[in-house]
Amino acid sequence: MSYAKLDQHLKKLEVLSHAQSMLGVDEAVMMPEGGGEKRAEAMAGLATIYHEMASAPQVGDWLAAAAAEDLMPEQRIAIREQTRSYINLTCLSSAFVGKQTEARIRSEQLWRQLRPTGDWAGFLPALSNVIAFAREEAAMRADVLKLAPYDALIEQFDPGSRVSQITPVFDELKTFLKGFIPKALDAQAARHAKHPPKAFTARFAIDRQKALGEVMMKAVGFDFYHGRLDVSHHPFCGGVPTDVRMTTRYDESDFLFALMGVLHETGHGLYEQGLPKAWSHWSVGQARGMAVHESQSLFVEKQIGRNPAFWHWALPVVKEKLGAETLTGWSLADMMQHVHRVKPGFIRVDADEVTYPMHVILRYELEQDLIAGRMEARDIPEAWDAKMTAYLGLSTKDNMKDGPMQDVHWPSGAFGYFPSYTLGALLAAQQAATIHKLHPHADEALKKGDVTVLNDWRRTNIWSKASTLTTPDLIVAATGEPLSARHFIAHVQQRYG
């Protein structure tokens, strides 16, 4: 049977994918700089082998033949999703994938070296090369998928999502935030006038911060038998569902910096650990897309980790793990002033939840111009500065480190990914609104550190669904309505207005 042949073939591909994932984690966490050249060759070679196996003509034949076989309903869904994946794979040649992968890895390695000094001139040739590959990829995918080039890239991260759906939602959000950010800052200033915020004056030892992070990970449901926490230059969640590798970075003067990063990545890890194990080698058993993935990380970070109800339980734990002397006399109100602090800043990953979407919308708009050829890599700094000034009142002129060199995404060729972050924030708020409508007392449980209701709903409606539905259909099935900005808007108005 063709279905059985496919099943065996996909198990072999899963082995290769596992190796690729772990080599990627090791490169970011453990690999010495001198290993970069050969690691790039190894990962490019594996990517080529994987692509050749996954896009082989017989796979297409098996998919077509399996579709005519007598299958169970869930098997038909699996064939449908695998066919979608196969078509996307066959848009590109194995030779192109190998060359593009090596260019991406070398660019990312160079970015790690040059970002600390903001050496834009030194990095520009590598970035220009990656953008050229991205444009070529977008054109090839667009031709096969019958989509606009940028939509064809978004399809790789959020199947079913399109610019025509995303842009109106982002425009509504941008218009709201331009008016709301000043109001939120004024409201914060008024609160601070009545209750002056305390400053962190203690040194928060890294070993204590790691111990705290691991306690919080476990509290929100992370399974350490199938995962671990490390340190990297840029926080991420990688590995595979049975071996989830998460990283963070620490600041001894501010423990919230690492803690919120840990909670964010734990949300990704929970999603991976909650996927249906029986389908792990099929596309249908993998995470739906990055918007859904980000909705899970932002749900944990924002809807749980910045919820005052959570801090009723968390503050005593924080004091115990960091050492009571580090936060002597700190009340819940004192802590929430830091947890809910709104402050426009340069760095996306450090941004508060009110200003964060502006960082993403900026990148979303710029990369559309880059892929369309309306902008070249050399033009990025000027365009970046103009949008940062317009959206957040901050100039990045002559500050490449905290401007267009701050993210790993473009150096690694991940064009079409950025929209997922704000789509994820909107979806997290939409999911939270649905849960609280069904379970009005969820926050009372959260005050005791109990996330059972929150995780059970997401396990049933998000995690276990994996890729059985497109992103837009999954949203409707889970929340009863299409993607909307209104729940996020209501959320920040309630919390920061």
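Stretching the chain fully between residue 96 and residue 225 yields a gain of 42.6 nm (0.36 nm per residue, less the alpha carbon separation). Both radii come from the Cα set of the chain: Rg as radius of gyration, Rh as Kirkwood radius; their ratio Rg/Rh reads 0.95. When the Cα positions of 95, 489, 157 are compared along the charge dipole of the chain, 489 comes out farthest toward the positive end, with charges on each C-beta of Lys, Arg, Asp and Glu.
Take the Cβ-Cβ distance between residue 37 and residue 464 as r, set R0 to 41 Å, and report the resulting FRET efficiency rounded to the nearest 0.05. If you can, show how the numbers build up before the last one.
On the way: r = 42 Å, r/R0 = 1.02.
After rounding, the FRET efficiency stands at 0.45.
Applying D = kT/(6 pi eta Rh) to segment 136-209, where Rh is the Kirkwood radius over alpha-carbon pairs, T corresponds to 4 °C and eta to 1.567 mPa s, the Stokes-Einstein value obtained is 77 µm²/s. Taking the number of Cβ atoms within 10 Å of each Cβ as an exposure proxy, the fewest-first ranking of 192, 439 is 192, 439. Each helix, a run of at least 4 DSSP H residues, gives -39500 (n - 2.57); summed and divided by the residues of the chain, these come to -20500 deg cm²/dmol at 222 nm.
Counting 0.36 nm for each residue step from residue 350 to residue 490 and taking away their Cα separation leaves a gain of 48.2 nm.
With the contact rule set at Cα under 8 Å and sequence spacing of 6 or more, what percent relative contact order holds for segment 2-157?
23
Think of each Lys and Arg Cβ as +1 and each Asp and Glu Cβ as -1; about the Cα centre, that makes the dipole of segment 2-157 roughly 140 debye. Helix 486-496 and the longest principal axis of the Cα set of the chain meet at an angle near 30°.
Here the label points at residue 320 and residue 61, each 7 Å from Cα along the C-beta direction, are separated by 6.3 nm in the simple model. The per residue volume of the convex hull around the alpha-carbon atoms of segment 2-157 is 127 Å³.
Taking a cut-off of 18 Å, what percent of all Cα-Cα pairs in segment 28-106 are separated by more than that? The proportion of pairs with Cα distances above 18 Å equals 54 percent.
Note on the chain: antiparallel DSSP beta bridges, both residues inside, total approximately 45 percent of the bridges counted. A viscosity of 1.002 mPa s and a temperature of 20 °C, combined with the Kirkwood radius over Cα pairs in Stokes-Einstein, give a translational diffusion coefficient for segment 14-60 of 185 µm²/s. With both labels modelled 7 Å from their Cα along Cα-to-Cβ, the residue 378 to residue 15 distance reads 4.9 nm.
The distance separating the Cα centre of segment 1-76 from that of segment 211-225 comes to 30 Å. Available extension along the chain between residue 8 and residue 143 is 45.5 nm, counting 0.36 nm per residue and deducting the alpha carbon span.
In debye to the nearest 20, how big a dipole does the chain give about its Cα centre with +1 on each Lys and Arg Cβ and -1 on each Asp and Glu Cβ? So the magnitude is around 980 debye.
Any read-out appearing in this document is the output of simple, stated calculations on the displayed coordinates, not a laboratory observation. Bear in mind the structure is a predicted one, so any value in this text is a computation, not a measurement. Counting neighbours? That spans all protein chains shown, and the Cβs are built from the backbone with ideal geometry, glycine included.
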